[in-house]
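Presented below is the structure to which this report refers.
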Amino acid sequence: MPAAPLLHDLQQGFADAVMGRDHAVAAWVVGAGLEPAARLRIYENSVAATLTAALRDSYPGVLALVGEDFFDTMAASYRKQHPSTCGNLQHFGAALAEFIADMPEARALRYLADVACLDWRRQLVALAADATPVDAVRTAEVVSVSPEQLRIQLHPSVQMLRSDYAVLTLWQWCQAPSDAPPRVDQGERVLLWRDGSDVAMAALDPATFRCIEMLAGGHDVAAAWSGARDVDNAFDLESCLRDLLGHGLVVAFTDEGIPP
């Protein structure tokens, strides 16, 4: 009779079984009225259902575009290549956009990976830490500061996505489809943020997107303004900053002459 495996080997074997990789551990399972393999399949099916449900929750746009059958087949392949390494399944789908981009079955939907990117950024927005927006007093303190000396810290929930496809328009259409699907071959630049308990999204013009992108990257206001004007010489910096403040997306100003 073979020697009993070590506890670690049993645990690894059970993990392999519930993830559908290998069922050799069945030799050490007491069926108690069921075939050992059948008893393991109960756990395997339960884990598969839980992981698929987590992906469905995180990727409503992708699910709406491909349908349940395709999505569940894709989820089965994904969880084998990217098994969850954490009990918190909110981060389980982090690599799905890259996975979709490499899927031969998804090549006909060339925009699908970008829709997945938008879905995942919505997840990141929802999970981001909170922060208090700057108040009117603090804003007034920096009005006279030189743009070359001023940097702006945006809310932790702010996310941005640049796509060659109309991802926001398509995502919104998926939530309430009409008879005519939107054109997808027109690129969009999307700003995402948390508005109360909701995830807000807006399509931005290229210059505004560039300005906010540079501010989020730590550039001073003057550099961000210059970058935006390289895209559109008529860019209105004041309007852009006013919108950021109005949506509560500015949480700090940084300047050498003014304490934070």
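Among the residues that make up segment 190-206, is at least one of them in the same structural domain as Gln123 (by TED's automatic domain parsing) and over 21 Å from Ala126 (Cβ atoms)? Spell out how you get there, then give the answer.
Quick first cut of segment 190-206, residues in the same structural domain as Gln123 (by TED's automatic domain parsing) only: 190-206.
Subsequent filtering for residues that are over 21 Å from Ala126 (Cβ atoms) retains 205-206.
Checked against the condition, which is being in the same structural domain as Gln123 (by TED's automatic domain parsing) and over 21 Å from Ala126 (Cβ atoms), segment 190-206 yields at least one hit.
Is it the case, given these coordinates, that Leu118 is in contact with a strand residue (DSSP E or B) (Cβ under 8 Å, 6 or more places away or on another chain), within 19 Å of Leu170 (Cβ to Cβ) and aliphatic (A, V, I, L, M)?
Details: in contact with a strand residue (DSSP E or B) (Cβ under 8 Å, 6 or more places away or on another chain): yes; within 19 Å of Leu170 (Cβ to Cβ): yes; aliphatic (A, V, I, L, M): yes.
For Leu118, the condition - in contact with a strand residue (DSSP E or B) (Cβ under 8 Å, 6 or more places away or on another chain), within 19 Å of Leu170 (Cβ to Cβ) and aliphatic (A, V, I, L, M) - is met.
I'm checking my understanding of the structure. Among residues of segment 204-242 that are more than 15 Å from Leu150 (Cα to Cα), part of a loop (DSSP other than H, G, I, E, B) and not polar (S, T, N, Q), which one is farthest from the chain's Cα centre (by Cα)? Going through the qualifying residues, I end up with Ala234. State yes or no: is Ala200 within 19 Å of Arg151 (Cα to Cα) and either crowded, with 22+ Cβ neighbours inside 10 Å or at pLDDT 95 or above (or both)? For Ala200, the condition - within 19 Å of Arg151 (Cα to Cα) and either crowded, with 22+ Cβ neighbours inside 10 Å or at pLDDT 95 or above (or both) - is not met. Among the residues of segment 182-203, write down those that are without any contact (Cβ under 8 Å) to a residue 12 or more places away in the chain and not in a strand (DSSP E or B). Residues satisfying the conditions are Gly196, Ser197.
Filter segment 132-146 down to residues that are part of a loop (DSSP other than H, G, I, E, B) and in contact with a Phe, Trp or Tyr (Cβ under 9 Å, 6 or more places away or on another chain) and give me whichever is surrounded by the fewest Cβ atoms within 10 Å (Cβ to Cβ).
Our first condition is that a residue be part of a loop (DSSP other than H, G, I, E, B); within segment 132-146, this holds for 132-135, 142-146.
Next, from what is left, pick out any that are in contact with a Phe, Trp or Tyr (Cβ under 9 Å, 6 or more places away or on another chain): 134, 142, 145.
Details: Val134: 20, Val142: 18, Val145: 16.
Going through the qualifying residues, I end up with Val145.
Of the numbered criteria (1) surrounded by fewer than 14 Cβ atoms within 10 Å (Cβ to Cβ); (2) in contact (Cβ under 8 Å) with a residue 12 or more places away in the chain; (3) touching a Ser or Thr at 6+ places or on another chain (Cβ under 9 Å); (4) part of a helix (DSSP H, G or I), the one Leu245 fails is (1). In contact (Cβ under 8 Å) with a residue 12 or more places away in the chain, buried (at least 17 other Cβ atoms within 10 Å of the Cβ), in contact with an Asp or Glu (Cβ under 9 Å, 6 or more places away or on another chain) and not in a helix (DSSP H, G or I) - does that describe any residue in segment 65-88? Among the residues of segment 65-88, not one is in contact (Cβ under 8 Å) with a residue 12 or more places away in the chain, buried (at least 17 other Cβ atoms within 10 Å of the Cβ), in contact with an Asp or Glu (Cβ under 9 Å, 6 or more places away or on another chain) and not in a helix (DSSP H, G or I), which makes the answer no.
Going by the conditions given, is Pro181 touching a Phe, Trp or Tyr at 6+ places or on another chain (Cβ under 8 Å) and not acidic (Asp, Glu)? So Pro181 fits the description; yes.
Kindly provide the set of residues from segment 185-197 that are modelled with pLDDT under 95 and not small (Gly, Ala, Ser), ordered by number. Asp185, Gln186 - these are the residues of segment 185-197 that are modelled with pLDDT under 95 and not small (Gly, Ala, Ser).
Against the condition aromatic (Phe, Trp, Tyr), touching a Lys or Arg at 6+ places or on another chain (Cβ under 8 Å), farther than 20 Å from Leu118 by Cβ and assigned by TED's automatic domain parsing to the domain that holds Val251, how does Phe235 come out, does it pass? Let's see the steps before the verdict.
Values: aromatic (Phe, Trp, Tyr): yes; touching a Lys or Arg at 6+ places or on another chain (Cβ under 8 Å): yes; farther than 20 Å from Leu118 by Cβ: yes; assigned by TED's automatic domain parsing to the domain that holds Val251: yes.
Taking the combined requirement at face value, the residue satisfies it.
Is there a residue in segment 151-164 that is surrounded by fewer than 14 Cβ atoms within 10 Å (Cβ to Cβ), modelled with pLDDT of 95 or more and within 24 Å of the chain's Cα centre (by Cα)? Checked segment 151-164: at least one residue is surrounded by fewer than 14 Cβ atoms within 10 Å (Cβ to Cβ), modelled with pLDDT of 95 or more and within 24 Å of the chain's Cα centre (by Cα).
In this structure, Asp119 does satisfy being surrounded by 18 or more Cβ atoms within 10 Å (Cβ to Cβ) and either among the basic types (Lys, Arg) or more than 27 Å from Arg229 (Cα to Cα) (or both).
When you look at Cys117, is it out of contact with any Asp or Glu (no Cβ under 7 Å at 6 or more places or on another chain), modelled with pLDDT under 95, under 30 Å from Val66 (Cα atoms) and in a helix (DSSP H, G or I), yes or no?
no
The values are calculated or read from the model by the stated rules, or taken from the named source; none is laboratory data. Predicted, not measured: the structure shown is a model, and the values here were computed from it. All Cβ positions, even for glycine, are placed from backbone atoms using ideal geometry, and neighbour counts span all protein chains on display.
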